[in-house]
Each structure stands twice: as structure tokens, then as C-alpha cells.
Amino acid sequence: RGRTNFSLTHTHQRLVLWRFFIFYLIVWANFKYFPKKTKSTDNIISSAGQNNPYEQPQLGDEFASTTDFSLIASNIRQMTGGDTKFFTSHKKGEIAEWRVEIGNPDKDKKKDAVKKVIAAMTVGKDVSMLFADVVNCMQTADVELKKLVYLYLINYAKNKPDLAILAVNTFVKDTQDANPLIRALAVRTMGCIRVDKITEYLCDPLQCALADEDPYVRKTAAICVAKLFDINPELVQDRGFLRQLQELLADSNPMVVANAVAALAEVQSTSFSTARNFTLESSTVHKLLAALNECTEWGQVFILDSISSHSPQNESQAERIIERATPRLQHANCAVVLSAIKLIVSQLEGIQRSDVVSQVVRKLAPPLVTLLSAEPEIQFVALRNINLVIQRYPEILQEEIKVFFCKYNDPAYVKQEKLEAMVERNVSSLDIFTIIISLKYDKIRPQILDKCGDDPLPR
């Protein structure tokens, strides 16, 4: 027993010695590779006056090993771009400090102050008391600062309608700026500020923007017309903005054409009395089809949906429209594919030859089957459309019965739509046999049999 106690004591002494040795190595490595940064008294006073929330306190020599944590923090701030500091909590009286910083003649400090205000507004703080100070920053050539000020105005113009009028002169001046980005930004912001007093001053700049030489300004102005119509429909009709939108349908830039179509579609869906204002002629339809290849995917959706309501004059025109829309069936965006299917199905009503109809219908099957392999939400939308198409053309998915089989991980709403699609089909006895074998539960079997007839399998 005594020998055992001696060995344990000896082992304990060796562990203590090793701990002291390791501690010594750590301290030596800290002073060797992480020298402590010293600061003069003047620098400490100036940094305290700036109240930098990221300033690390200078600790004593016994805590010099924490220098590596400050290095890690500085690296994180560099990776995040440095803008995260604007979202940190500030001390009491920050509004007064921001007001002083906004009035600073230094452009960088003024921009940082406005960023702090926008960050506080983003997290839900009320900074409306700085409205007049922020508005004074509008008259600047810095595009980034101007965007920040416009964002602030859009958020607080409703609460300060009287003070928002102070920005009208600057808005009008910016709509005549040499930079097209500033012109478009001014028109977009005036359209987003839902204040009646500002709406009255928007009409003249908007008319000039619709006829601007830059396509970016024109496409922005087209969307602004739809926003203005939502605020004051009578004013849009009296000033002739709808006529100018129809003229933009023949614009040389595809993006302008797509935005004009989207604005007219929005106006048409908002008010039934203006449905006559969005009528497509044959020449306009061909121009819209020519703009499909250079539009964005959402511009293609608006154009395809607008053409689907057009009635072809003859079969040859319907065939040409279908031919131009068929390549959209292979698009990666599911919305474009569904809009193309909607257009093709609507144009098939004007074709009387059965061979042409059957040939086009066969082309619709592969994209519909592809949509059923996407996410459950897209499957649901695709199945709803498939059910409508099957009612008109039951033979469209005659050879694709297996795509409607319910999988174990399908949501309930997808399974319900798949069953509805199988019920709507005129299936044969062999298909019924295959369907019943694929079903796991006998309780959903009658939903198929009630539509299809006798049960080929014994119960």
C-alpha cells in the first residue's frame, strides 16, 4: 500500500511539472508570435470618443493570450464586408448622434450615418424624426446615397406627407439628370410613394420617361404606370398613359415590350372597364412573339399569357403562333412551360384539321410528364392544369398512366390531384388493372371504379 501511494504521488508530481511546462510554452508563444499592440493616450481618448462598438479593451499582461480572439473578430468583420456594424445596438441618444453625423460635410461619414438609419428602420425602429435631415441628403451625385435616401422616403412618406412634398423638386430634377439610372430611380420612387400630393407632380416626368431615349428608363416608366393606375385610375386615363403603353408594345427593346405587356395586364386585371384598352392586333402579336427570345423568363410569361387571349384570324395564323411558342415547352422555368401550354391549347381551338391537332397534342405530353417530377408544389400546379387539359384532350397522356401513381412520400394534396387526373381519363380495363395493383389501400379503390365501371379484380 505504501509503494502504491508513493507511485501515485510521484505521478501527480510529474503531471504538475508537465502542466507548468505547457503553461510556460503557451505564454512564450503568445509573446513570441502574438505581440500585444500598444496604444498611446491620445489614440485611446479618440477611440473612446468615437464609441466604436467593435473596439476591443486593452487587457493586462496576464490576459495577453486573448489577442487571438480579437484577430478572429477582425477577420469576420472583413469577410462580412463591414456593413454589419450598422445593425448593432447603439447606446441611448443615438438619434441625436445620427442627426449630427448626417449633417457632416464628409460624404463618407454622411453615407455611413444614413446606412445606420436604414439599418435601424429595417429592424423595426422608428426613425421618422430624422425625415427632414435625410431628405436634405437627396441633392447628391452619389448614386448609392441617393438610393438609400429614396428607400427611406418610400417607407416614411405616408407618415410625413407634408414633409414629403419637400422632395418633389429634387425628384423632378433627378428625372432630367444625364444619368439614366438616376432618371429611372426617381420615376420608380415617385411611383412607389403612395401620396396623392406627390402623384400630381408625377404625371409630367412620367410622360417624359415613357418617351425617354434610354430603354431602361422606358421599361421602368411602364411599370410605374400600373402603380399610378392603382392609386388614381381616372388620372391615368385622362393623361393618356394607356395609349402610351400600347405604343410601347412596338418598342425595339424586348424588355420594354415585356414590361409594357405586364403593365397592361395589371391594369386590365384591376379594372374591368379598361379591358378594351388591351387588345392585340395581328401585327402586334408577331412583334411580341419575336421579343420572346430576348426577354427574361418572367417577361416571357407575361407575353405568352397575353397572346393566349388573342383569337386567331385563321388556321394558318394559329399554326404560326403555335410554332413560335413550341420551343418554350423545353424551358427550364416551369411557369414558362405552363404559359406555353396554355397558349398552345387556346390556339388549338382555331384549328379544324384533326391530324394537326393530334400532332400538337403529342408534343404537349413530354413537358407535362417532366413537370410531375419536380417539387410537390410544382406538381400540384401542374396536375391542376393537367386535369383541365385532359377534359379537352383525354388522349394527351394515354400512354403515361404510370406518372399518376401515388408515391409513398407524396403529400396528400398531390395524391388527391393524381387520383382526380386518373378519374378524368378514359382508361381501359388493362389500365384499371394496373392502377388497382399500384394502390396500397383498398379504401381509395372505389374512387377509380365509380368512374371507370366494373371491377376487373375480385374483392
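Scanning region 162-202 for residues that are modelled with pLDDT under 85 and farther than 17 Å from LEU228 by Cβ yields ASP162, LEU163, ILE165, LEU166, ALA167, ASN169, THR170.
Just one residue in the set SER306, SER316, SER311 is in a helix (DSSP H, G or I), surrounded by fewer than 18 Cβ atoms within 10 Å (Cβ to Cβ) and either modelled with pLDDT of 85 or more or not aromatic (Phe, Trp, Tyr) (or both); that residue is SER316. Scanning region 161-169 for residues that are more than 22 Å from GLU97 (Cβ to Cβ), in contact with a helix residue (DSSP H, G or I) (Cβ under 9 Å, 6 or more places away or on another chain) and crowded, with 19+ Cβ neighbours inside 10 Å turns up at least one hit. If you go through region 145-160 and keep only what is closer than 15 Å to ILE182 by Cβ and open to solvent by less than 80 Å² (accessible area, probe 1.4 Å), you end up with LEU145, LYS146, LEU148, VAL149, TYR150, LEU153. On inspection, ARG194 qualifies as open to solvent by 40 Å² or more (accessible area, probe 1.4 Å) and assigned to a loop (DSSP other than H, G, I, E, B).
Residue-by-condition table, conditions (1) at pLDDT below 75; (2) touching a Cys at 6+ places or on another chain (Cβ under 9 Å):
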| site | (1), (2) |
| --- | --- |
| LEU383 | no, no |
| ASN387 | no, no |
| ALA412 | no, no |
| ASN426 | yes, yes |
| ASP442 | yes, no |
| ARG445 | yes, no |
| CYS452 | yes, no |
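The residues of region 204-218 that are of a type outside the set (Val, Ile, Thr) and open to solvent by less than 70 Å² (accessible area, probe 1.4 Å), listed by number, are PRO205, LEU206, GLN207, ALA209, LEU210, ASP212, ASP214, PRO215, ARG218. Selection of first residues in region 256-269 that are free of Cβ contacts under 8 Å to residues at least 24 places away in the same chain and of second residues that are open to solvent by 10 Å² or more (accessible area, probe 1.4 Å), restricted to Cβ pairs under 8 Å at least 6 apart or on distinct chains, gives the following pairs, ordered by first then second residue: GLN268/ALA275; GLN268/ASN277; GLN268/PHE278.
Quick one: is ALA221 modelled with pLDDT of 85 or more and buried (at least 16 other Cβ atoms within 10 Å of the Cβ)? Step through it out loud before you land on a result.
Details: modelled with pLDDT of 85 or more: yes; buried (at least 16 other Cβ atoms within 10 Å of the Cβ): yes.
Yes: the conditions hold for ALA221.
Based on this model, can you work out whether SER282 counts as open to solvent by 60 Å² or more (accessible area, probe 1.4 Å), of a type in the set (Gly, Ala, Ser), at pLDDT below 85 and out of contact with any strand residue (DSSP E or B) (no Cβ under 7 Å at 6 or more places or on another chain)? Show your work before the answer.
Values: open to solvent by 60 Å² or more (accessible area, probe 1.4 Å): no; of a type in the set (Gly, Ala, Ser): yes; at pLDDT below 85: yes; out of contact with any strand residue (DSSP E or B) (no Cβ under 7 Å at 6 or more places or on another chain): yes.
In short, no.
Checked against (1) within 19 Å of VAL261 (Cβ to Cβ); (2) open to solvent by 20 Å² or more (accessible area, probe 1.4 Å); (3) not polar (S, T, N, Q), GLY299 meets all criteria but (2). Before we move on, is PHE272 open to solvent by 60 Å² or more (accessible area, probe 1.4 Å), of a type in the set (Phe, Trp, Tyr) and either more than 28 Å from the chain's Cα centre (by Cα) or modelled with pLDDT under 90 (or both)? Judged against the criteria, PHE272 is a match.
The values are calculated or read from the model by the stated rules, or taken from the named source; none is laboratory data. The structure presented is a predicted model; accordingly, all values stated were derived computationally and were not measured. Counting neighbours? That spans all protein chains shown, and the Cβs are built from the backbone with ideal geometry, glycine included. Please note that ligands, DNA and RNA were not included when accessible areas were found on the heavy atoms of the full protein model with its side chains. Shrake-Rupley method; radii C 1.70, N 1.55, O 1.52, S 1.80 Å.
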